[in-house]
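Asker: Could you have a look at this structure, given as structure tokens, before my questions?
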Amino acid sequence: MESLLSVLAYAFFFFLVLAVFRRICRVPARVIPQPIIEISDAAVTRRALVEYADAFSNRPMSMFRVPIVKGHRRRRSDNIISVPYGPLWRTLRCNLAAETIHPTRYASYAPLRRAAIDDIVASVQSAARKGRAVVVRDGLYAAVFSMIARMCFGDGLVDEADVRAMQCEFREFILAAVESTSTCESKLLGYWRRRQSDPIALRHRLAELFLPLIEEARRQSSRFCDGHARSYVDSLIHLRVPDEDDDNDEHLRRALTEDEMVSLVLEFLGAGTETVVACVEWTLAHLVTRPEIQNKLRREAIINIKYDGDNKYPSEDEEREILHRGMAPYLHAVVLESLRMHPPAPFVVRDVRAEGGVVGQTAMPAGGLRVHFVLGDIGRDPKTWTDPDEFRPERFLAGGEGEAVGPLPGPKEIKMMPFGAGRRYCPGMALGMLNVKCLLAALVREFEWTEGNCGVDLTEHDGFFKAMKKPLRARVTPWSPFV
Ligand code: HEM
């Protein structure tokens, strides 16, 4: 009896090991069938994205290494980032740009921006009061996510609990979809992590959070047309998109599928949060090590931006001014310098499948080509920038080498492109800049930032978004003119 039991135990153990081994060795369904080339040269980048825009206007079907939506649903689950250049892309992009993130809408979202400023100031204050080094990323993430989620679903529609639940799942989703499939890690570690957080299951859990809110937004839809800030989801509910490749035929227009809604909401939350948080954190990291730049910025934030009475927020008129260089040129220069050195999205990615297989003089491989334009290298090109690894915002002020350079490159020359270039450049550029500037101005105006015991490590995390590898830990004291 005993020997039978041990035979059974050995057999069970053998099959268990075999099952694990087969799962580890199975080649995952990759979405990168093509060769990848990396381009770091600004002139080549401009030629490709501007002169050969027809060939360089699509991204790969999935930006991740594993497909997030599989099977027949894949066709109807695109968002703006993934959809091929054409009528559907045009409709989705125009809707976002005109209905939600157009500068004329900023005033209606000002209360959300103010709430985000209050949240982050309160979170830093409470950590500072305890005398601890402040890890700014977590509080910042929560504040920005809450603002973007409320823009997305409508302020009255989501409560604190909804936002917290979404944020929790969302961060896990980003890590799972983007990071755990990294080719750098060992297969065993990758297997273990995939078991822990499967991106498909996480997307499903997020969909379960989003869809009831979308349904509720559908029911309340008329409320938002009535002078309230219109949410992104509300605009999506009413949007009719071309069914086939003809955007003129009204009869072929249809409502968005649930999968498309979920993908578009995920894109809005990710694009609006991850990039802004990364940029504010990088900028603070440099300000911590360069007190003279921090003081200059604080002086400008206090003197130039008068703020609304006793409030710590800029007024709506001031927000409009802040968006451009006018009222706060140094703040503008500091943010540009941060984006030049640490573009939050490390690559602009294109899927090139040219008709006839030729782009310019170059023959394309049969399955096409995936091209990564490396934004960090372009922004730090020593042919363009003096001492490119030095944080020097002055280069963007009058008389500096970057005086004429803005967040988006002009058609003639690219010196940096943190928001991309060509037809698929970032439509959220102005909103992203405004959010970064308002948060940064408040954080520098309210606090003095100095190095914590561990110093500041400027190593970049090698992921889909280029955050700091080690979150910034800084010593923070409330700023007072009398100290
Ligand atoms: C500091 C903030 C931001 C940075 C640095 C940033 C950066 C980028 C970059 C590099 C791209 C790729 C461009 C290309 O392929 O040429 C992109 C695309 C995109 N971004 Fe942003 N972004 C930011 C904020 C936002 C915001 C706030 C939104 C919207 C809420 C947004 C929505 C999008 C969308 C929808 C695309 C795809 C555009 C298309 O394919 O047509 N981004 N962004």
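Asker: Measuring with a 1.4 Å probe in the full set of protein chains, what accessible area per residue, in whole Å², belongs to the range 88-165?
Answerer: Working: 2990 Å² over 78 residues.
Using a 1.4 Å probe on heavy atoms only, each residue of the range 88-165 averages 38 Å².
Asker: In whole Hz and in residue order, list the ³J(HN,Hα) couplings for the range 110-118 that follow from phi through the Karplus curve 6.51 cos²θ - 1.76 cosθ + 1.60, θ = phi - 60°; x for Gly and Pro.
Answerer: Working through the residues one at a time gives 4, x, 5, 5, 5, 5, 5, 5, 4 Hz.
Asker: On a full-extension model of 0.36 nm per residue, what is the gain between E292 and E258, subtracting their alpha-carbon distance, rounded to one decimal in nm?
Answerer: My answer for the length gained is 7.1 nm.
Asker: What accessible area per residue, rounded to a whole number of Å², is obtained for the range 373-445 using a probe radius of 1.4 Å?
Answerer: Working: 2720 Å² over 73 residues.
Result: 37 Å² of accessible area for each residue.
Asker: Expressed in nm², what is the orientationally averaged projection area of the convex hull enclosing the Cα positions of the range 34-478?
Answerer: Over all viewing directions, the range 34-478 projects a mean Cα-hull area of 22.8 nm².
Asker: Right, next: Among 208-217, 132-141, 441-450, what's the highest-first ranking by average C-beta atoms within 10 angstrom per residue?
Answerer: Order by mean packing, descending: 441-450, 132-141, 208-217.
Asker: Share of the range 119-158's accessible area from carbon and sulfur, percent, 1.4 Å?
Answerer: Details: 580 of 1340 Å².
With neighbouring chains kept in place, the figure for the range 119-158 is 44 percent.
Asker: Plugging the Kirkwood radius over Cα pairs into Stokes-Einstein for the range 74-128, at a temperature of 25 °C and a viscosity of 0.890 mPa s, what D comes out in µm²/s? Write out the running numbers ahead of the final one.
Answerer: Numbers: Rh = 14.1 Å.
Answer, rounded: 174 µm²/s.
Asker: Estimate the FRET efficiency between I36 and R105 by the formula 1/(1 + (r/R0)^6), using the beta-carbon distance for r and 35 Å for R0, to the nearest 0.05.
Answerer: Working: r = 38 Å, r/R0 = 1.08.
After rounding to 0.05, the efficiency reads 0.40.
Asker: While we're looking at this one, here's another question. Taking a spot 7 Å from the Cα of E355 along the direction of its beta carbon, which residues of the range 79-94 have an amide N less than 19 Å from it?
Answerer: 84-90
The values are calculated or read from the model by the stated rules, or taken from the named source; none is laboratory data. The model shown is predicted, which means the values in this text are computed figures rather than measured ones. Counting neighbours? That spans all protein chains shown, and the Cβs are built from the backbone with ideal geometry, glycine included. Remember, those area values only see protein heavy atoms, side chains included, never the ligands or the DNA or RNA. Shrake-Rupley method; radii C 1.70, N 1.55, O 1.52, S 1.80 Å.
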